[in-house]
Amino acid sequence: MKTALAALALALAAPALAQDLEIEPPPARELTWRWSSADLALEGALAGLIAVDWLQTLQFTQHDCRTPELGGGCYETNPVLGRYPSRAKVNTLIPLGLAAHAAVAALIPQGPWRFLWQGTFLVLESKAVTMNAMYGVQLRLPW
């Protein structure tokens, strides 16, 4: 009982004691990451390629895409989207993927690892857009 009363008294007195102490908040932390002009150029180029791939994906998933190489139809090769994704799934997951990629790039310290992260996805998206074009997927605005 004495311990409980002592704890209660300390809890009630703590705000008054704290006012007498001049406690300063910790200094604001400086951001540890920076975007160089090369980082911005790579991320911007990737965003552009993702936008083209997005429009191509909408085109061939919503319309008949017949090519002799594919035996009569196109399909999505991104395992996250699935072979025949819906328009809603495409319009949800592609922008989320773009945002997630930029967030991860921002968390990677500037230097070779960030360049590798951005460059790898730039190559993958370049290949996807090129393959779509080779198979006859046209770039049309969806409206």
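Inspect segment 86-109 for any residue being touching a residue at least 24 places away in the same chain (Cβ under 8 Å), touching an Asp or Glu at 6+ places or on another chain (Cβ under 9 Å) and more than 18 Å from residue 43 (Cβ to Cβ) and give the result as yes or no. Yes, the conditions are met somewhere in segment 86-109. Within the set 38, 45, 51, the sole residue that is in contact with a Leu (Cβ under 7 Å, 6 or more places away or on another chain), modelled with pLDDT of 85 or more and surrounded by 12 or more Cβ atoms within 10 Å (Cβ to Cβ) turns out to be 45.
The values are calculated or read from the model by the stated rules, or taken from the named source; none is laboratory data. Every value quoted in this text rests on a predicted model; they were computed, and no experiment measured them. For neighbour counting, all protein chains shown are included, and Cβ atoms are generated from backbone atoms with ideal geometry for every residue, glycine included.
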